[in-house]
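Participant: Take this structure, written in structure tokens, and hold onto it; I'll ask about it next.
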Amino acid sequence: MKEAEFYEQHKDNKVQCLLCPHNCIISNGKLGICKVRRNIDGKLIAENYGQVSSMAFDPVEKKPLYHFFPSKEILSIGTVGCNLKCSFCQNSEISQNSVKEYPMLRYYDTDEVIKIAQSRAGNIGIAFTYNEPVIWYEFVLDVAKKAKEISLKTVMVSNAFINKEPLSKLINYVDAFNIDLKSFTNYFYKKYTSSWIEPVKENLKTIKRSGKHLEITNLIIPGLNDDCKDFENMISWIRDELGKDVPLHISRYFPQYKLQTDVTPLNTLQNCYDRARKKLDYVYLGNIRTNKGSDTICPSCGKTLISRTGYSTQLLGIASSGKCMYCNRAILNHNYVEL
Ligand code: SF4
């Protein structure tokens, strides 16, 4: 447990958390919407500080990040809780429980996490993933600061539903983001996630402007967010506001948690892929075994530069500079190339 950052004390021993746009006003003894930040006698306490639900060395492609140290591993850790209530959540057993409700947590201090990250040869750093890292803010920040001191990379796999000030502080210590853009309509965000889209769009622009590495994931759920016009609006917005070089991962939905609609049909995914490829340089299909949409193709010369089968990744045409070996086009961010 640790006292939270970004909150205000109100009268009657209430506190207001200012970490995410919910801005919960919390009575003494109660938790915020995310189920991990509790008002204890007028102080806001992060109950999940250091409480780890899952830890593994994963391929960085599993985050998914395809343009950030491809083929390398990253120590991936998560806790419990989430500030969204997605009815289709793929990790609800950790995201929708509090510290008290999830008995399999183990406490690690920041030095232990760093030591584990350093123990594996070739590990590039630490990814905060599995559940929403925004609501683990204080621990993520403390670990990320230590990681920076020894040149470990840090990654956030996030919904980007966070207030501006905490994001501005955190962004200094994070090297790469995969942001889950769940749909391009506020209707969907409100009805199926209990949040709203505007802060997510603003935060995507902030991350891009910061120069940190950014990739986006969009889970396609049949009948709920697969409308062609909305999808076209989304990819046009990504191209115009973020840039056509931001990789987009179009992901296949499987029934989970409260939502039990059908699995996304393959032709829906392929249709989305074809539409997105007309506007964006790098489009990938996820949660699906297919030859289409897994490799990195040079947008200039059309050569296959990175080949992927499952989580097996082969670098075929990337120079140590991060450029295409055949035509010299920049493919990976220069700062991150140590292949
Ligand atoms: S982080 Fe949690 S407690 Fe804070 S505003 Fe968001 S949902 Fe509420």
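Participant: Rg to Rh for region 117-275: what is it, with Cα atoms only and Rh by Kirkwood? It would help to have the intermediate numbers written out before the result.
Facilitator: On the way: Rg = 16.6 Å, Rh = 16.8 Å.
We get a ratio of 0.99 for region 117-275.
Participant: Please give the Cα centre distance for region 75-119 versus region 11-67, rounded to the nearest Å.
Facilitator: Here the answer is 11 Å between Cα centres.
Participant: Oh, and also: Which order do LYS2, LYS258 take by accessible area at a 1.4 Å probe, largest first? Could the numbers behind the result be given before it?
Facilitator: Numbers: LYS2 80, LYS258 150 Å².
I get LYS258, LYS2, largest accessible area first.
Participant: Pop the C-beta distance of SER321 and MET104 into the FRET formula with R0 = 51 Å and round what comes out to the nearest 0.05. Intermediate values should be presented prior to the final figure.
Facilitator: Working: r = 44 Å, r/R0 = 0.87.
Taking R0 as 51 Å, the efficiency between SER321 and MET104 is 0.70.
Participant: A further question on this structure: Taking the Cα centroid of region 207-235 and of region 153-181, what is the distance between the two, rounded to the nearest whole Å?
Facilitator: Using only Cα atoms, the two centres lie 17 Å from each other.
Participant: Using the Cα atoms of the chain to build a convex hull, what is its mean projected area in square nanometres? Don't skip to the answer; put the middle values down first.
Facilitator: Values: hull surface 65.1 nm².
For the Cα atoms of the chain, the hull's average projected area reads 16.3 nm².
Participant: Still on this structure: Just for the Cα atoms in region 262-308, what are the lengths along the principal axes, largest first, rounded to whole Å?
Facilitator: Sorted largest first, the three principal extents are 38, 22, 10 Å.
Participant: Quick one: pull the percentage of alpha-carbon pairs in region 295-339 with a separation above 12 Å.
Facilitator: In whole percent, the long-distance tail amounts to 54.
Participant: Turning to a different aspect of this structure: Under a 1.4 angstrom probe, counting protein chains only, how are LYS148, LYS30 ranked by accessible area, largest first? All intermediate terms of the calculation are to be shown ahead of the outcome.
Facilitator: On the way: LYS148 65, LYS30 125 Å².
These residues rank, largest area first, as LYS30, LYS148.
Participant: Still on this model: State the Kirkwood hydrodynamic radius of region 79-210 in Å, one decimal place, computed from all pairs of distinct Cα atoms.
Facilitator: On the way: mean 1/r = 0.0637 Å⁻¹.
This gives a value of 15.7 Å.
Participant: Among LYS205/LYS229; LYS43/LYS153; LYS145/LYS244; LYS35/LYS191; LYS72/LYS279, which pairs are too far apart, with a Cα-Cα distance over 25 Å? Write out the running numbers ahead of the final one.
Facilitator: Values: LYS205/LYS229 22 Å; LYS43/LYS153 32 Å; LYS145/LYS244 31 Å; LYS35/LYS191 20 Å; LYS72/LYS279 28 Å.
Pairs exceeding 25 Å: LYS43/LYS153; LYS145/LYS244; LYS72/LYS279.
Participant: Could you pull out every residue, at least 5 positions away or on a different chain, whose amide H is within less than 5 Å of the one on LEU305? Hs are placed 1.01 Å off N in the peptide plane, and Pro or chain starts have none.
Facilitator: Under 5 Å from the amide H of LEU305 lie the amide H atoms of THR296, ILE297, CYS298, each far enough along the sequence or on another chain.
Participant: I'd like the per residue volume of the convex hull spanned by the Cα atoms of region 236-297, given in cubic angstrom.
Facilitator: Residue-normalised Cα hull volume stands at 97 Å³.
Participant: Still on this structure, I have one more. Taking a ≥ b ≥ c as the square roots of the Cα gyration tensor eigenvalues, with a/c under 1.5 meaning rounded and otherwise prolate when a/b beats b/c, else oblate, which class fits region 2-46? Intermediate results must be reported in sequence, preceding the final value.
Facilitator: Working: a/c = 1.35, a/b = 1.21, b/c = 1.11.
It comes out rounded by the Cα gyration axes.
The values are calculated or read from the model by the stated rules, or taken from the named source; none is laboratory data. This one's a predicted model, so the numbers in the text were calculated from it and none came from an experiment. Note that we place each Cβ from the backbone using ideal geometry, even for glycine, and neighbour counts take in every protein chain shown. For the accessible areas, the whole protein counts, side chains as well, though only heavy atoms, and no ligand, DNA or RNA atoms are used. Shrake-Rupley method; radii C 1.70, N 1.55, O 1.52, S 1.80 Å.
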